[in-house]
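Data block below; observations after.
The values are calculated or read from the model by the stated rules, or taken from the named source; none is laboratory data. Treat the numbers as computed from the prediction; the structure is a model and nothing was measured. Virtual Cβ from ideal backbone geometry, glycine too; neighbours counted across all protein chains shown. These accessible areas exclude ligands, DNA and RNA; they are computed on the full protein's heavy atoms, side chains included. Shrake-Rupley method; radii C 1.70, N 1.55, O 1.52, S 1.80 Å.
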Amino acid sequence: MCSSDLGQPFVPENITGAGGIIAPRMVAKAPADGYTLLFCGVDTLVTNPYTVKDLGYDPQKDFDLISMIYKEGSLAVVVHPSVPAKTLPELLALAKKEPGKLSYGTTSVNFIILFGQWLNKLAGTEMLAVAYKAPAQQFQDVLDGRINMIISSPPTVDALMKAGKLRVLAVDGSKRFPLWPDVPNISETFPGFRLSGTGLLAAPRGTPEPVIRAANSAMNRILTDKSYQQALLQMGFTVDDAGTPESMRAHLKDRDEAWQKVFAGLGVKPE
């Protein structure tokens, strides 16, 4: 969405810290006049209540949904070429044969940490997580063969895959990533597997309906533009259209049910 669509200037304000919960706290308390909006993900509206005791906001009650920004931001399972596995089932078979020998890198991003843990849980494997403060060091180590694999977004590994320096075994998502049509989804091995993120535009609860409709319409014009969709793909994101507040609520309900299984299966409790 841009100023020309609605005749209003937009001023992005990047608010970080506290695991990403400061921004939604501020927006939840902002006047519901349409002048304060929130760009957020599944963590803000779905997973945070499972990991944080005192969020300072209610994901169900404090926001009105406006539109999708992107429907899926996929993650890929990527291995060093020295790993003798050409598919995800082959990798998991190798991991079962040699418990604790295969290692994968993680950063502080909760999605990636939980992704690896859940994959281990479903497969009954013991692949070893190696924590990194910086993604750059993780990439250097997998390229040098010090760790066997990483879990990363398609754009970060695309050139390395094409150069033969890394091998992509599978991608998360409800359907195959459009730029990699030959790479299977993880759900083709584990039906229902989908931890990919979603980007949403929201507003404080009680924002006037005409404002919600106008913002949704503006986003829909942008998201159905082929050049914009292509730009999203280059960043690893896919989108259909802006959706509606109702369809987004249904989408978040589906995501919540999926994540409930993950947190229950891994025994994760709010802290």
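Which value, in Å², gives the accessible area per residue of the chain when a 1.4 Å probe is used on the protein heavy atoms?
Averaged over the residues of the chain, the accessible area is 49 Å².
What percent does the relative contact order of region 91-165 come to when contacts are Cα pairs within less than 8 Å and at least six residues apart?
36 percent
Of the heavy-atom accessible surface of the chain (probe 1.4 angstrom), what whole percent is carbon and sulfur?
55 percent
Write down the percent of antiparallel bridges among all DSSP beta bridges whose residues are both part of the chain, to the nearest 5.
In the chain, DSSP labels about 75 percent of beta bridges as antiparallel.
Sort 148-156, 247-255 by the packing proxy (mean of other Cβ within 10 Å over each peptide's residues), most packed first.
148-156, 247-255
Name the residue from CYS40, THR87, LEU75 whose Cα lies farthest towards the positive end of the charge dipole of region 31-185, charges +1 on Cβ of Lys and Arg and -1 on Cβ of Asp and Glu.
Farthest towards the positive end: THR87.
Helix-derived [θ] at 222 nm for the chain: sum -39500 (n - 2.57) over DSSP H runs of at least 4, divide by residue count, nearest 500?
It lands at -11500 deg cm²/dmol.
Could you give the length gained by full extension between ALA131 and THR36, i.e. 0.36 nm per residue of separation minus their alpha carbon distance, to one decimal place?
That works out to 30.6 nm of additional length.
Over region 1-97, what is the relative contact order in percent, taking alpha-carbon pairs closer than 8 angstrom and at least six residues apart?
Taking the mean separation of contacting Cα pairs over the length of region 1-97, I get 16 percent.
Considering Cα pairs under 8 angstrom that are at least six residues apart, work out the relative contact order of the chain and quote it in whole percent. Mind dumping the intermediate values first?
Working: 442 pairs, mean separation 90.3, N = 271.
Relative contact order, the chain: 33 percent.
In debye, nearest 20, what is the charge dipole magnitude of region 141-267 about its Cα centre with +1 on Lys and Arg Cβ and -1 on Asp and Glu Cβ, if you could check?
Value, rounded to 20: 60 debye.
Mind checking which lysines have their C-alpha under 30 Å from LYS86, skipping anything on the same chain fewer than 8 residues away?
Straight-distance partners of LYS86: LYS71, LYS96, LYS97, LYS101, LYS121, LYS133, LYS162, LYS165, LYS175, LYS261.
To the nearest 20 Debye, how big is the dipole of the chain about its Cα centre, given +1 on the beta carbon of each Lys and Arg and -1 on that of each Asp and Glu?
Details: 27 positive and 27 negative charges, 128 e Å.
I would put it at about 620 debye.
When Lys and Arg each count +1 and Asp and Glu each count -1, what net charge do the other residues less than 14 Å away from SER153, Cβ to Cβ, add up to?
-3
Loop only per DSSP, at most 16 neighbouring Cβ atoms within 10 Å: give me the GluC sites (Glu not before Pro) in region 1-93, ordered by residue number. Kindly include the intermediate steps, with their values, before the conclusion.
On the way: sites: GLU13, GLU72, GLU90; in loops: GLU13.
Of the GluC sites (Glu not before Pro), the ones in loops of region 1-93 whose Cβ has at most 16 other Cβ atoms within 10 Å are GLU13.
If amide H atoms are built 1.01 Å from N in the plane of the peptide, which residues on other chains or at least 5 residues away come under 5 Å of the amide H of VAL239?
LYS71
What does the charge dipole of region 132-180 about its Cα centre add up to, to the nearest 20 debye, if the Cβ of each Lys and Arg holds +1 and the Cβ of each Asp and Glu holds -1?
Numbers: 7 positive and 4 negative charges, 24 e Å.
The calculated dipole for region 132-180 is roughly 120 debye.
Of PHE63, VAL142, VAL11, whose Cα points farthest to the positive end of the dipole of the chain (charges on the beta-carbon: +1 Lys, Arg; -1 Asp, Glu; origin at the Cα centre)?
VAL142
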